[in-house]
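Since the structure comes first, as structure tokens, the remarks are kept for the end.
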């Protein structure tokens, strides 16, 4: 679902209050009512057939308590939980923080920086599968581009990135950040551009420059948006299958599997579908509160700058 | 910073500026390398003349750049890529239909809820957001079973249905946001002139919403284009897509990687082209949704 991250976040800088609360109910009559219903029916059908039914099906499949006992006994499941927490926690926060800092860099009015921005957003347009594969080959070891460059430039024997759990996890995180940081940078850049200039001018009169200006002016204005984006991104990254599957392939020996990939391997490689569904469904107690928090923030807070 | 000179303040300021400029130039170079390295790696492998071990000989520069890899893809001579154009066609079919259906279904629902003000309609658009409570990757097993019961085993339509399902909630959110900047007076005036609901949708709503529609079209295409999991699970190997072939073989060093990477480069072109064509609308859609009007 990672590409969903791309644009959904385009929403946040806006007051989400308006659109979700129509101007007031109006009673539709006759053919208008029929047409309105007819317009809504296709989506209602999609929602019932492809959201409600699969979700209910998943709950039913994963309903047996014995499945969870089986999961807890499985050390590779517990490791995947730890990996998911590390992957999501580190990748999302690093990415968001770097995006926030870099959006400040791209605010500088220089022609070459403008041109650099066009190059910088390339990873976002590149297809996920292909860019993950490229990362895989870059880090494959001695013949890979990274180790080769380390040897040529510094005379260091590069490590075998996918033979060590922590290096492999780090590689996944780096590939993930490479792919998704540009998008969030653009979001923060758009938000920064909306901060009124006189806010900075008055801060300057009060003697705030550089880092202090960031701490006392920029960040408070962006904080709400930053939190919202981080929440959204966390939700989607929990379900990120492609990065882990195609960069480290869960290796070495399954040491970097996350919930999404281990659920897949239980279901399709271990031919135990119910266990696979139970594995991913075990994340629900964490995901549901996150979604509720997100919806409340979307509904109650003015995110407008 | 410890320069003691006649005009320390001015000096310090100048020094500071030089440091800032040097710093941002260095950051610029780092970002350039960071952004381009994986893309460079793709070309490095794709431009290699021979298939086999050569691509991974640890070259930093292609020793004898050649377009052999691209030729082998286009003529479908490369191993594993015998069906490249068929798979490319499948990817294109899935991508374009996901795009079309997302735009159609989402705009109809959004029109009924936000413009015709269907009472209780907002329940549906709110429920749509709940879709994102479960990451798509988590529902692959139920989907696999359900598509079977719908009679869509090994059907491109199964993949399209899955992509449309996960693209629509964002599309509706985006359309609702954008529509809130279009005055209702326009609709009302048309209604007084005797326009039907369908005519308002076609003649007023759709033309005014073009930027938002462009954003969701690009978004839906990228969603389908980026997917691996759903296409790999729901489609049979003989009827798969470009993503799946590449994803399945990615650890196989014996595959003809020059051709594989050439195929990857060809594959990333369509969405890039679409984004380029629609860039004006996409920028307008994103910034208008930002509340500037």
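When the stretch B:265-284 is filtered for residues that are more than 8 Å from chain A (Cβ to nearest Cβ) and more than 22 Å from residue B:62 (Cβ to Cβ), the ones remaining, listed by number, are B:270, B:273, B:274, B:276, B:277, B:278, B:279, B:280, B:281, B:282, B:283, B:284.
Can you tell me which of A:170, A:254, A:276 is away from chain B (no Cβ under 12 Å) and within 26 Å of residue B:231 (Cα to Cα)?
Numbers: A:170 fails: within 26 Å of residue B:231 (Cα to Cα); A:276 fails: away from chain B (no Cβ under 12 Å).
Going through A:170, A:254, A:276 in turn, the sole match is A:254.
Would you confirm whether or not the stretch B:258-274 contains a residue that is within 23 Å of the chain's Cα centre (by Cα) and over 20 Å from residue A:128 (Cβ atoms)? No, there is no match, as no residue in the stretch B:258-274 is within 23 Å of the chain's Cα centre (by Cα) and over 20 Å from residue A:128 (Cβ atoms).
Quick grid of which residues meet (1) under 22 Å from residue A:132 (Cβ atoms); (2) touching a helix residue (DSSP H, G or I) at 6+ places or on another chain (Cβ under 7 Å); (3) in the same structural domain as residue B:251 (by TED's automatic domain parsing); (4) at pLDDT below 85:
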{"residue": "B:19", "(1), (2), (3), (4)": "no, no, no, no"}
{"residue": "B:22", "(1), (2), (3), (4)": "no, no, no, no"}
{"residue": "B:45", "(1), (2), (3), (4)": "yes, yes, no, yes"}
{"residue": "B:66", "(1), (2), (3), (4)": "no, no, no, yes"}
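Using the structure shown, decide if residue A:108 is facing chain B (nearest Cβ under 8 Å) and free of Cβ contacts under 8 Å to residues at least 40 places away in the same chain. For residue A:108, the condition - facing chain B (nearest Cβ under 8 Å) and free of Cβ contacts under 8 Å to residues at least 40 places away in the same chain - is met.
Any idea which of (1) crowded, with 17+ Cβ neighbours inside 10 Å; (2) under 29 Å from residue A:160 (Cβ atoms) is the one residue A:236 doesn't satisfy? Among (1) crowded, with 17+ Cβ neighbours inside 10 Å; (2) under 29 Å from residue A:160 (Cβ atoms), the lone unmet condition for residue A:236 is (2).
Scanning the stretch B:145-188 for residues that are in contact with a helix residue (DSSP H, G or I) (Cβ under 7 Å, 6 or more places away or on another chain), within 20 Å of residue B:237 (Cα to Cα) and more than 8 Å from chain A (Cβ to nearest Cβ) returns B:147, B:152, B:153, B:154, B:156, B:158, B:159, B:160, B:163.
Among the listed residues B:127, B:112, identify the single one that is buried (at least 18 other Cβ atoms within 10 Å of the Cβ), at negative phi, more than 17 Å from the chain's Cα centre (by Cα) and facing chain A (nearest Cβ under 9 Å).
Numbers: B:127 fails: buried (at least 18 other Cβ atoms within 10 Å of the Cβ).
Going through B:127, B:112 in turn, the sole match is B:112.
Taken together, the residues in the stretch A:42-67 that are part of a helix (DSSP H, G or I) and more than 7 Å from every other protein chain (Cβ to nearest Cβ) amount to 10.
If the requirement is being more than 14 Å from chain B (Cβ to nearest Cβ), modelled with pLDDT of 80 or more, surrounded by 17 or more Cβ atoms within 10 Å (Cβ to Cβ) and not in a loop (DSSP other than H, G, I, E, B), which of these qualifies: A:226, A:245? Reasoning before the result, please.
On the way: A:245 fails: more than 14 Å from chain B (Cβ to nearest Cβ).
Result: A:226 is the single residue among A:226, A:245 that is more than 14 Å from chain B (Cβ to nearest Cβ), modelled with pLDDT of 80 or more, surrounded by 17 or more Cβ atoms within 10 Å (Cβ to Cβ) and not in a loop (DSSP other than H, G, I, E, B).
Yes/no matrix, rows are residues, columns are (1) in contact with a strand residue (DSSP E or B) (Cβ under 8 Å, 6 or more places away or on another chain); (2) farther than 21 Å from residue A:213 by Cα; (3) surrounded by fewer than 13 Cβ atoms within 10 Å (Cβ to Cβ):
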| position | (1), (2), (3) |
| --- | --- |
| A:74 | no, yes, no |
| A:78 | no, yes, yes |
| A:84 | no, yes, no |
| A:87 | no, yes, no |
| A:91 | no, yes, no |
| A:100 | no, no, no |
| A:109 | no, no, yes |
| A:114 | no, yes, yes |
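Among the residues of the stretch B:134-149, the ones that are crowded, with 18+ Cβ neighbours inside 10 Å and either part of a helix (DSSP H, G or I) or not assigned by TED's automatic domain parsing to the domain that holds residue B:101 (or both) come to 11 in all.
Within the stretch A:255-271, the set of residues being in a loop (DSSP other than H, G, I, E, B) and at pLDDT 85 or above comprises A:255, A:256, A:257, A:258. Within the stretch A:125-145, being at pLDDT 85 or above and more than 7 Å from every other protein chain (Cβ to nearest Cβ) holds for A:132, A:139.
Looking at B:81, B:104, B:152, just one residue is in a loop (DSSP other than H, G, I, E, B) and at pLDDT 85 or above, and that residue is B:152.
The values are calculated or read from the model by the stated rules, or taken from the named source; none is laboratory data. Quick caveat: nothing in here was measured; it's all calculated off a predicted structure. All Cβ positions, even for glycine, are placed from backbone atoms using ideal geometry, and neighbour counts span all protein chains on display.
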